[in-house]
Amino acid sequence: MKRLSPFVFLLMIAFNSYGQDKAIDPMFIKNLEQKIETHLNFLSKENLDLIINYSKNNSNINEYWDNNRYNPYPIPIKNVPFQLLFKDSLYSSPILIDKVITSRYGWRNSRPHKGIDIDLVTGDTVTSVLNGKVRFVNYSSGHGKTVIVRHSNGLELVYAHLSKQLVKENDLVLKGQALGIGGATGNARGSHLHLEAVYKGNYINPEYLFDFGNENKIRSNEFWINNKWTSPHLHSSKRQSEIIIADSFEDALNQKVAPVKTHKIRRGDTLSHIANKYGVSINAICKANGIKRNTTLRVGNRLIIGM
């Protein structure tokens with residue numbers, strides 16, 4: 001079937017809406033032109049290929065597909081190098097302004113911060129970093145209004161603290177396409193985008209995968225990821241970790257990861273008691289956790305004992 005030209009399509013809609021005996025508002029025409037251009041662009045060969053590829057049986061896409069659970073994977077891969085591949089060399093910035101990271105993946109306030117926080121103002125548009133399929137659109141405890149997009153390599157990117165979601169579950173989205181409006185819903189101190197990178201239940205340091213500079217580079221087409229990059233307690237939320245890409249299984253094995261002890265805070269614990277128990281100084285515990293001697297210890301949180 002021959003596709004109608006945008007001009008003919010425009011006239012058909014215009015006459016159908018207004019009738020031949022009524023004047024046509026120029027703004028109505030302009031809005032129609034924009035809508036037509038958007039639809040025709042979406043039906044480009046690249047985007048049709050995307051639709052076809054995502055419609056095929058793809059184990060990375062369909063595995064444990066669940067629109068209701070934040071993390072549908074029952075058992076994440078742990079402490080073994082696993083491979084993650086990218087076809088693209090560039091990503092699309094999740095915000096339309098300069099990217100300023102205000103808090104990094106790592107240990108923060110005696111708790112793991114499993115993503116990065118990117119500064120924005122409530123009302124700013126949040127867009128998809130890569131082509132993908134929307135798996136989760138819901139309100140998540142702590143994260144507020146959230147959108148999760150799964151990509152063809154199995155990676156999921158989480159966009160949290162939104163004030164409004166603009167997509168639906170199972171939608172196909174293109175990189176750069178609007179997913180929501182930034183905000184401060186959930187447990188957020190001020191408006192920002194909380195961005196997580198998750199592979200089959202493993203929370204990966206997003207800065208290991210993506211260079212958040214101005215060039216929007218994916219750091220490699222092949223990553224081998226060990227527990228150094230899936231363990232927030234090995235990083236500080238206040239500074240960027242040194243990035244050394246492992247592009248083979250052997251490289252990932254050779255990246256030495258020093259074991260780190262943690263202590264789960266129980267009722268009645270004090271810094272003095274914990275320091276004596278593990279044979280370390282109070283100052284060492286404070287430095288490792290970014291706390292002070294008079295910081296209140298919250299039951300259930302964990303303290304890093306040594307780095």
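The condition of being surrounded by fewer than 17 Cβ atoms within 10 Å (Cβ to Cβ), of a type in the set (F, W, Y) and either under 21 Å from H235 (Cα atoms) or out of contact with any Asp or Glu (no Cβ under 6 Å at 6 or more places or on another chain) (or both) holds for only one of Y139, Y199, Y208, that being Y139. For L234, the test of being closer than 25 Å to G300 by Cα, in contact with a helix residue (DSSP H, G or I) (Cβ under 8 Å, 6 or more places away or on another chain), at pLDDT 90 or above and not acidic (D, E) is failed. Within the option set D247, D251, D211, being over 25 Å from R111 (Cβ atoms), touching a Lys or Arg at 6+ places or on another chain (Cβ under 8 Å) and of a type outside the set (V, I, T) holds for one residue only, D211.
Could we say that A178 is in contact with a helix residue (DSSP H, G or I) (Cβ under 6 Å, 6 or more places away or on another chain) and at pLDDT 95 or above here? First the steps, then the outcome.
On the way: in contact with a helix residue (DSSP H, G or I) (Cβ under 6 Å, 6 or more places away or on another chain): no; at pLDDT 95 or above: yes.
Answer is no for this residue.
In this structure, does L162 turn out to be touching a Lys or Arg at 6+ places or on another chain (Cβ under 6 Å), crowded, with 21+ Cβ neighbours inside 10 Å and part of a loop (DSSP other than H, G, I, E, B)? Answer is no for this residue. Would you mind listing the strands (runs of 3 or more DSSP E) fully within the range 170-229 where at least 2 residues are more than 13 Å from the chain's Cα centre (by Cα)? Qualifying strands (runs of 3 or more DSSP E): 178-182, 222-225. Scanning the range 230-268 for residues that are among the aliphatic types (A, V, I, L, M), touching a residue at least 40 places away in the same chain (Cβ under 8 Å) and assigned to a loop (DSSP other than H, G, I, E, B) turns up A246, A258, V260, I265.
Are there any pairs with C-beta distances below 7 angstrom linking a residue in the range 100-123 that is over 10 Å from H192 (Cβ atoms) and outside the structural domain of N294 (by TED's automatic domain parsing) to a residue that is of a type in the set (A, V, I, L, M) and assigned to a strand (DSSP E or B), with the two at least 6 apart or on different chains, and if so which? Close Cβ pairs (under 7 Å, with a partner that is of a type in the set (A, V, I, L, M) and assigned to a strand (DSSP E or B)) amount to R104/I116; Y105/I116; W107/I304; S110/L303; G115/V158; G115/L195; G123/I181.
Selection of strands (runs of 3 or more DSSP E) fully inside the range 83-142 by the criterion of at least 1 residues being among the acidic types (D, E) and modelled with pLDDT of 95 or more returns 116-119.
The values are calculated or read from the model by the stated rules, or taken from the named source; none is laboratory data. Model, not experiment: these values are computed from the prediction. As a convention, Cβ positions derive from the backbone with ideal geometry for all residues, glycine included, and neighbour counts pool all protein chains shown.
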